[in-house]
1. Sorted from fewest to most neighbouring beta carbons within 10 Å, what does the list Asp136, Asp77 look like?
2. Looking at the range 3-193, send over the antiparallel percent of its DSSP beta bridges, to the nearest 5.
3. For each pair in Lys41/Lys113; Lys54/Lys192; Lys5/Lys183; Lys142/Lys179; Lys113/Lys179; Lys47/Lys113, compute the distance between the two Cα atoms and list the pairs where it is over 23 Å.
4. Distance between the C-alpha centers of the range 126-162 and the range 1-56? Whole Å please.
5. Enumerate the amide H contacts of Gly27 below 5 Å, restricted to partners 5 or more residues apart or on another chain; note that Pro and chain-start residues carry no placed amide H.
6. If you bin the C-alpha pair distances of the chain every 5 Å from 0, what whole percents do you get?
7. Just order 52-60, 66-74 by mean Cβ neighbour count inside 10 Å, highest at the front, would you?
8. Compute the normalised compactness of the range 1-109: alpha-carbon radius of gyration over 2.2 N^0.38 Å, N being the residue count.
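Bear in mind that the values in this text are calculations on the coordinates, not laboratory data. Just so we're clear, the structure is a prediction, and the values are computed from it rather than from any experiment. Don't worry about glycine lacking a Cβ; one is built from the backbone with ideal geometry, like all the others, and counts go over all protein chains shown.
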Amino acid sequence: MTRVKICGLSTEEAVARAVAEGADFIGFVFAKSKRQVTLEKARDLAKAIPASVKTVGVFVSPSLEEVQQAIETVPLDLVQIHGPFAEEDFSSLSVPSIRAIQVHSDLTDLQTKADYLLFDAPLAGSGQTFDWQTLDTSQLTKPFFIAGGLHAQNVAQAIAQFQPYAVDVSSGVETDGQKDVDKISQFIKGAKNDIPATR
C-alpha cells in the first residue's frame, strides 16, 4: 500500500482530518512560504498526531543546526530537505531524511546519503506536475516519494506509473490557498482505494 504525506498543514482541523482519514505522514513547512509555521506552532499541532503517523519537517537550504533544533523542539520523525545541503550532514541527523529533487529533463545524479528521495516539480509548491515521462525510477534502490501537482483525480495514475513508497500533496488539497479538509479526505481515498490492479 502506497503511503500518503499531507504537507503544509497549519491548523488543528486539517491535522485532525488527515490523521482520521489515514495519512501516514504530516508535513510542517519551516521554509519561507505561505504555508510556513513556527516551531512552536508545529509543536502544538504535533501533540494531536498519534505515534503511528510520522511528522515531517520541510526545509529549504537549512543549516544543520536549524534542522536539529526543529527535530528536538517539535519533535520530528523525519526531515525533508530542498535546495543546497551538505551531503555529509545527512549522516549527522538524528532522524531519517528525505532529499527533495526537482525533476528536469537532465536528471542524472541521484546519489545521496539521505534515506529517501522525493521527486517534485521544478517549482515546488506550485501545484504543477513535472513531466512524468522524464523520470525513470527503475534503477532506484532507495524508497521514494512522488510529489508535484498531485490531487485526488491523478494520484491513482501516479501510483500506477511509479509504484512509489509514498505520494505527497500540498496545493492539491487546498481551496483558495487554504487547506480543504474535504479535499484531504478525497486525496487519501484516491491514493489508498483507487489503485489500478495493473501498472
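1. Fewest to most other Cβ atoms nearby, the residues stand as Asp136, Asp77.
2. 5
3. On the way: Lys41/Lys113 30 Å; Lys54/Lys192 17 Å; Lys5/Lys183 13 Å; Lys142/Lys179 30 Å; Lys113/Lys179 32 Å; Lys47/Lys113 30 Å.
Exceeds cut-off: Lys41/Lys113; Lys142/Lys179; Lys113/Lys179; Lys47/Lys113.
4. 21
5. Distant-sequence amide H within range of Gly27: Ile6, Cys7, Gly8, Leu9, Val56.
6. 1, 8, 18, 21, 22, 17, 10, 4, 0
7. Descending packing order for the listed peptides: 52-60, 66-74.
8. Working: Rg = 13.9 Å, N = 109, 2.2 N^0.38 = 13.1 Å.
The range 1-109 yields a ratio of 1.07.
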